[in-house]
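Below: the structure, in structure tokens.
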Amino acid sequence: MRILAISLACAATIFVAQPVFAAPISRIVAVVNGDMITSRELEKAVEPELAAQQIDPKKNPQLAETVRQGILDKLINEKIVLQQAEKDGIKVDDADVEAALEGVIKESQLSREEFFKQAQANGISEKLFRERTRLQLITQRLMGRNVMSKVVVTEDEINDYYRKNMASFASGRARVAMLIYPADANAEKWANDIASGKISFADAVRKISVGPNPEEGGDMGFMELSEMAPGMVDVVARMRKGEVSPLLNTGSVKAQVALLDFEEAVVPENSEAKPDADTARRIEEILRRPRIQDRLQQYTTELRNKALIDIRK
């Protein structure tokens, strides 16, 4: 869900005694319902993606071109989504973007300065991050109106899923510690040193972490699994007490998690068992996710089929 504002490079040549060379004009790579996507816009979107995937266009031009075509396809879809959002009167103001941004920074457990430093290290400027956030909010509101509202999960489906998966369903409380690496740290080397026993997880946190509570080894105390972000729940649910996770890439942040303690919730053993409210919400999300993806694909395809798209080589 990413898009950059269209920028047309206009060069004016002023003839004086000495020749003046105009800056090269960015060519048009696609037109979507009359809105243009320029080569400059495309390359600005491609650069951070190549950096994130560690692809050198000179060494692997074919793979780089595949990424480029994929990004162009995303930009076209984003253009179509924004056009539809405008038709539907969906708007996102600066205050909405700032509120969403604050939420993302808070969830990352980083300071504002360190958050954008991490993002910049991955080729994403604060301006670009704000543009992506705005696009995501617009897309969420459009999809909420045309996709989410049409995806229903019933209480019977939630209860049935719970009863069939009680044995494996993660529930309870976990006491975790978090290590968040600075943008300029060699996270792979630190993770290897922790795994080999050269340094303890807690000492590594005290020495290098930019995350929460470094003085206490990153200890975040007990947390209900239902309160954790889905990505962290997936990691913690597979760990045993005392284990340290492998290196995690969460957006622009590299991190590791240690499971310090775990308290398993009491699970009823009968065919009429029902999940508590938090567990029910988690199950609903599990069941909704693939249905939303199917409906989203269908909706995007419908919009794209109606669009006038001219892709220029």
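The values are calculated or read from the model by the stated rules, or taken from the named source; none is laboratory data. Being a predicted model, the structure only gives us computed values, none of them experimental. Because the Cβ atoms are built from the backbone with ideal geometry, glycine has one as well, and the counts that use them run over all protein chains shown.
So the check is Cβ under 7 Å with 6+ separation or different chains; which pairs have a first residue in the range 31-56 that's in the same structural domain as LEU82 (by TED's automatic domain parsing) and a second one that's crowded, with 16+ Cβ neighbours inside 10 Å and of a type in the set (Ser, Thr, Tyr)? Once the first residue is in the same structural domain as LEU82 (by TED's automatic domain parsing) and sits in the range 31-56, its partners that are crowded, with 16+ Cβ neighbours inside 10 Å and of a type in the set (Ser, Thr, Tyr) give THR38/SER26; SER39/SER26; ARG40/SER26. Taking the range 194-205 as the range and being exposed (fewer than 15 other Cβ atoms within 10 Å of the Cβ) and part of a helix (DSSP H, G or I) as the test, the residues that pass are ALA195, SER196, ASP203. Scanning the range 68-84 turns up no residue that is in a loop (DSSP other than H, G, I, E, B) and surrounded by 12 or more Cβ atoms within 10 Å (Cβ to Cβ).
Checked against the criterion of being closer than 30 Å to GLN256 by Cβ, modelled with pLDDT of 90 or more, assigned by TED's automatic domain parsing to the domain that holds LEU142 and under 26 Å from the mean Cα position of the chain (by Cα), the candidates ALA99, ALA95 yield just one match: ALA99.
Would you call VAL104 under 23 Å from the mean Cα position of the chain (by Cα), in a helix (DSSP H, G or I), more than 19 Å from LYS254 (Cβ to Cβ) and among the β-branched types (Val, Ile, Thr)? Answer is no for this residue. Can you work out which of the residues in the range 134-193 that are surrounded by fewer than 13 Cβ atoms within 10 Å (Cβ to Cβ) and acidic (Asp, Glu) is modelled with the lowest pLDDT? Taking the candidates together, the pick is ASP184. Filtering the range 213-232 to residues that are crowded, with 17+ Cβ neighbours inside 10 Å and of a type outside the set (S, T, N, Q) leaves PRO214, GLY217, GLY218, ASP219, MET220, LEU225, MET228, MET232. Scanning the range 233-259 for residues being farther than 18 Å from ILE194 by Cβ and either buried (at least 19 other Cβ atoms within 10 Å of the Cβ) or touching a helix residue (DSSP H, G or I) at 6+ places or on another chain (Cβ under 9 Å) (or both) gives a total of 4.
Would you be able to say whether some residue in the range 2-25 is more than 19 Å from THR300 (Cβ to Cβ), under 27 Å from the mean Cα position of the chain (by Cα) and either among the polar types (S, T, N, Q) or at pLDDT 95 or above (or both)?
Here is the first cut: in the range 2-25, the residues more than 19 Å from THR300 (Cβ to Cβ) are 4-25.
Checking which are under 27 Å from the mean Cα position of the chain (by Cα) leaves us with 4-7.
This time we only want the ones that are either among the polar types (S, T, N, Q) or at pLDDT 95 or above (or both), so: 7.
Yes, that holds for at least one residue.
Sort out which residues of the range 182-207 are of a type in the set (D, E, K, R) and touching a residue at least 24 places away in the same chain (Cβ under 8 Å), and write them in order of number.
Here is the first cut: in the range 182-207, the residues of a type in the set (D, E, K, R) are 184, 188-189, 193, 198, 203, 206-207.
Once the filter is applied, which keeps residues that are of a type in the set (D, E, K, R) and touching a residue at least 24 places away in the same chain (Cβ under 8 Å), the range 182-207 yields ASP184, GLU188.
Within the range 206-248, the only residue that satisfies the criterion of being β-branched (Val, Ile, Thr) and either in a strand (DSSP E or B) or in the same structural domain as ILE105 (by TED's automatic domain parsing) (or both) is VAL244.
When you scan the range 184-192, do you find a residue that is part of a helix (DSSP H, G or I) and touching a Ser or Thr at 6+ places or on another chain (Cβ under 6 Å), even just one? Among the residues of the range 184-192, not one is part of a helix (DSSP H, G or I) and touching a Ser or Thr at 6+ places or on another chain (Cβ under 6 Å), which makes the answer no.
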